[in-house]
Amino acid sequence: MNHTTLQFDIDFENAIFFGYYVMVVTDEKASGGGLIESYDEKYVWINGREHLRTQSSFNHMPPPEVHMIFPN
């Protein structure tokens, strides 16, 4: 599956501008996904949840074909 890892502020800006679906991976497990609402130096907010930029990987990829609910 093709995906692009978002690392830099410009990557997050493009994801917001173009409405990219972003999958969040923490400890090699999917921990969230959706559209980026905002970001700062420490966090990225996706679907109302904050994810630490240093502990998570943010991957632009095609949206899943099913609805996924991630526990808080």
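The values are calculated or read from the model by the stated rules, or taken from the named source; none is laboratory data. Values in this document were obtained by computation on a predicted structure and should not be read as measured data. All Cβ positions, even for glycine, are placed from backbone atoms using ideal geometry, and neighbour counts span all protein chains on display. These accessible areas exclude ligands, DNA and RNA; they are computed on the full protein's heavy atoms, side chains included. Shrake-Rupley method; radii C 1.70, N 1.55, O 1.52, S 1.80 Å.
Within the range 16-38, if we keep just the residues that are within 10 Å of the chain's Cα centre (by Cα) and of a type in the set (S, T, Y), the residue that is surrounded by the most Cβ atoms within 10 Å (Cβ to Cβ) turns out to be Y20.
Figure legend. Inter-residue proximity from the range 47-72: first residues within 18 Å of G19 (Cα to Cα), second residues open to solvent by 100 Å² or more (accessible area, probe 1.4 Å) and in a strand (DSSP E or B), beta-carbon distance below 8 Å, spacing 6+ or different chains. Indicated pairs: N47/E37; G48/E37.
Considering only residues of the range 39-63 that are under 13 Å from H3 (Cα atoms) and of a type outside the set (S, T, N, Q), which is surrounded by the fewest Cβ atoms within 10 Å (Cβ to Cβ)?
So in the range 39-63, the residues under 13 Å from H3 (Cα atoms) come out as 57-63.
Remaining after also requiring of a type outside the set (S, T, N, Q): 58, 60-63.
Working: F58: 25, H60: 18, M61: 15, P62: 11, P63: 13.
Residue satisfying both the conditions and the ranking: P62.
If the condition is being among the aromatic types (F, W, Y) and more than 11 Å from the chain's Cα centre (by Cα), then the range 39-72 contributes only F70.
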